[in-house]
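For reference, the structure is listed below as structure tokens.
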Amino acid sequence: MESHAVRALLRLCQTITTSPLRFTQYNGASGFSSSLNNLSEDHQSEGASSGPVSNGHSGYSAHNTDAAAAGAAAEGDNKDQTCPICLDAFTNKKKLRCKHEFCEECLEQAKKSSGSICPVCKDVFGVIEGDQPDGKMSWTRNSLTLPGFPGCGTIVIDYYIPSGTQTEKHPKPGQYYSGINRRAYLPDNNEGNEVLKLLKKAFDRKLIFTVGTSRTTGIENQVTWNDIHHKTSTSGGPECFGYPDPGYLSRVREELKAKGIK
């Protein structure tokens, strides 16, 4: 079945090819040549911004402008009725909170591959749960001051994920994976404690770690960080994954928000 856009384009072509071209004066060869030149100029400027038109051609130009507008409108209507995933007409159309629409089956497949995230604008429309293996998150507080955060102590976070066997959620089900121990640091101020709560929420939703290839060693079947950055050093700046780093707390909140944690 022809799409709305194709049918609109065919109608536009038919209109152009069958439209009467009215030459109002034939004053010998020179007059006829002038009319042809005017026709050529009209053809070259078709679709451009409006301007003066040659005598006798105003009906032709206006007619084509209307047809082009109709074609553009038809194309726009067609896009409104097309799923952005399969690029076909909607089947059991579903609209998300962000107003984007998809086929029900296409949306379900997208959720399986990337979670409850809009494939167009990345807005989170549901609860995202990761594939982090079972483990433990704990924290303590001390009086040490982190560079860039004078006047407050430090929150020390400890993560422990034991070794185990990969499940169907992981890259190589049935194979062994190596566990991990990691320590991270936050300033013990209001914003640091807010980030701590968000990290705990992300850990409970299995989003802090995943199973895959280590980015530092290249070894497969390892528990690795899952794109929520942590400060694993108290000093050395961003190059050493430490402090000072004035924008860190804002960045990690954005990373958490991208996974539906806010």
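Given the structure, is Glu220 among the acidic types (Asp, Glu), in contact with a helix residue (DSSP H, G or I) (Cβ under 7 Å, 6 or more places away or on another chain) and on the phi < 0 side of the Ramachandran plot? So Glu220 does not fit the description; no. If Cys103 satisfies all but one of (1) in contact with a Phe, Trp or Tyr (Cβ under 7 Å, 6 or more places away or on another chain); (2) surrounded by 13 or more Cβ atoms within 10 Å (Cβ to Cβ); (3) closer than 20 Å to Ile261 by Cβ, what's the number of the condition it fails? In the conditions (1) in contact with a Phe, Trp or Tyr (Cβ under 7 Å, 6 or more places away or on another chain); (2) surrounded by 13 or more Cβ atoms within 10 Å (Cβ to Cβ); (3) closer than 20 Å to Ile261 by Cβ, Cys103 misses (3) alone. Could you say whether any residue in region 152-170 is in contact with a Lys or Arg (Cβ under 6 Å, 6 or more places away or on another chain) and exposed (fewer than 15 other Cβ atoms within 10 Å of the Cβ)? Yes - at least one qualifying residue is present in region 152-170. Among the candidates Lys197, Lys231, single out the residue that is among the basic types (Lys, Arg) and surrounded by fewer than 16 Cβ atoms within 10 Å (Cβ to Cβ). None of the other options fit; the residue is Lys197. Would region 173-188 turn up any residue that is at pLDDT 95 or above, buried (at least 16 other Cβ atoms within 10 Å of the Cβ) and in a loop (DSSP other than H, G, I, E, B)? Scanning region 173-188 turns up at least one residue that is at pLDDT 95 or above, buried (at least 16 other Cβ atoms within 10 Å of the Cβ) and in a loop (DSSP other than H, G, I, E, B). Checking the stated criteria, Glu191 turns out not to satisfy the condition of being acidic (Asp, Glu), free of Cβ contacts under 8 Å to residues at least 12 places away in the same chain and not in a loop (DSSP other than H, G, I, E, B).
Val211 meets each of the listed conditions (1) over 27 Å from Pro119 (Cα atoms); (2) in a strand (DSSP E or B) apart from (1).
The values are calculated or read from the model by the stated rules, or taken from the named source; none is laboratory data. This structure is a prediction, so every number in the text was calculated from the model and none was measured. Don't worry about glycine lacking a Cβ; one is built from the backbone with ideal geometry, like all the others, and counts go over all protein chains shown.
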